[in-house]
Amino acid sequence: MNRTETRGSAALLSTAFVLLLLATACSSGPSDDDADGPDEPAPTTVTSTPGPSHSPGRTGTPSPSASSPSSAPSAPAPSAKPKVWQPKPGTAWQWQLNGRVQEGPDVPVYDIDGFENTAADVAELHRRGRRAICYINAGAWENFRSDKGDFPDSVRGENNGWDGERWLDIRRIDVLRPLMERRFDMCRQKGFDGVEPDLMDGYANKTGFPLTSADQLAYNRMLAQIAHARGLAVGLKNDLQQIPELVGDFEFAVNEQCAEYGECARLTPFVKAGKAVFHVEYELANEDFCAESGRLGLSSMRKNLKLDAWRRPC
């Protein structure tokens, strides 16, 4: 066999094979199946190492230069709701509604009168590392408040047992909502963290109006909405019967005398939801209710009925 002719034929075949490969490469796109990888990196949505989720200015939407050209623009993120404070079960507290707040126990929560106390009083509580709850009366008209003239006679009902107070017709949300909004605005402007609206169970009392449980649910939920729109936590005051329906609308509960009437277990839904129950007794000695309060996870103490600075916690 002539080896020269064979090598020439082989060379021609080799050249043809190379030309075929080149033609194939030119007619097809880049492939990711090459052993040494693509010639250029494929585009990605993030071109640098992402920072922590709390990094300033990070919005979670890639910048245009980091996005694939074929990607559709991201929809804008929804506006965040105001963050609301959430007290936990067992949180110690002080409750003083008689006059301006006095320096008292070193506890993390103070519940004080919204009208009687100033922004400076709230700021001082904050300086000492405390949260402040703003007490207002949401269920009765009071003849000693600065806004007493804003409540028309048509919404004032029977006396509620306290001098100068009359039940409100909570069915008249058209009248009462703007009045309550102004009170909640006062709480926010003074720097309070939460609100305690009082007398939220008028439907279960003799008010002079034919109030129903549905009326009360609507009114109480309205109060919660007003508070949350202002970034304020809000507590459900008493109204034990409606706790199953309302526990999801409120950040904490405030209760008077559940131990005296054998009703403290009805507050369990709040504790199970991780929400504080601020509880007081007036007549019972501490040894008569503290053990049960501890088992139930309540924040309990004994107070004078006039709600001055004195307290005896569990």
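Taking the residues in the stretch 254-300 that are touching a residue at least 12 places away in the same chain (Cβ under 8 Å) and at positive phi as candidates, determine which candidate is most open to solvent (accessible area, probe 1.4 Å).
Of everything passing the filter in the stretch 254-300, Q257 is most open to solvent (accessible area, probe 1.4 Å).
Check whether at least one residue in the stretch 188-206 is part of a loop (DSSP other than H, G, I, E, B) and in contact with a His (Cβ under 9 Å, 6 or more places away or on another chain), and report yes or no.
Looking for residues that are part of a loop (DSSP other than H, G, I, E, B) and in contact with a His (Cβ under 9 Å, 6 or more places away or on another chain), one finds at least one in the stretch 188-206, hence yes.
Under the condition of being of a type in the set (K, R) and in a strand (DSSP E or B), which residue from the stretch 266-314 is nearest to Q241 (Cα to Cα)?
By that ranking, first place goes to R302.
Could you please give the count of residues in the stretch 193-234 that are of a type in the set (A, V, I, L, M, F, W, C) and open to solvent by 10 Å² or more (accessible area, probe 1.4 Å)?
Number of matching residues: 8.
Please give the strands (runs of 3 or more DSSP E) falling wholly within the stretch 138-184 in which 2 or more residues are within 18 Å of K237 (Cα to Cα) and in contact (Cβ under 8 Å) with a residue 24 or more places away in the chain.
Once the strands (runs of 3 or more DSSP E) in the stretch 138-184 are filtered for at least 2 residues that are within 18 Å of K237 (Cα to Cα) and in contact (Cβ under 8 Å) with a residue 24 or more places away in the chain, what remains is 140-142, 165-168.
Quickly run through the stretch 274-314 and pick out the residues that are within 22 Å of E196 (Cα to Cα) and acidic (D, E).
E281, D308
The values are calculated or read from the model by the stated rules, or taken from the named source; none is laboratory data. Note that this is a predicted model, so its numbers are computed, not measured. Positions of Cβ are generated from backbone atoms using ideal geometry, with glycine treated the same way; all protein chains shown enter the neighbour counts. Accessible surface is based on the protein model in full, side chains and every heavy atom, while ligands, DNA and RNA are left aside. Shrake-Rupley method; radii C 1.70, N 1.55, O 1.52, S 1.80 Å.
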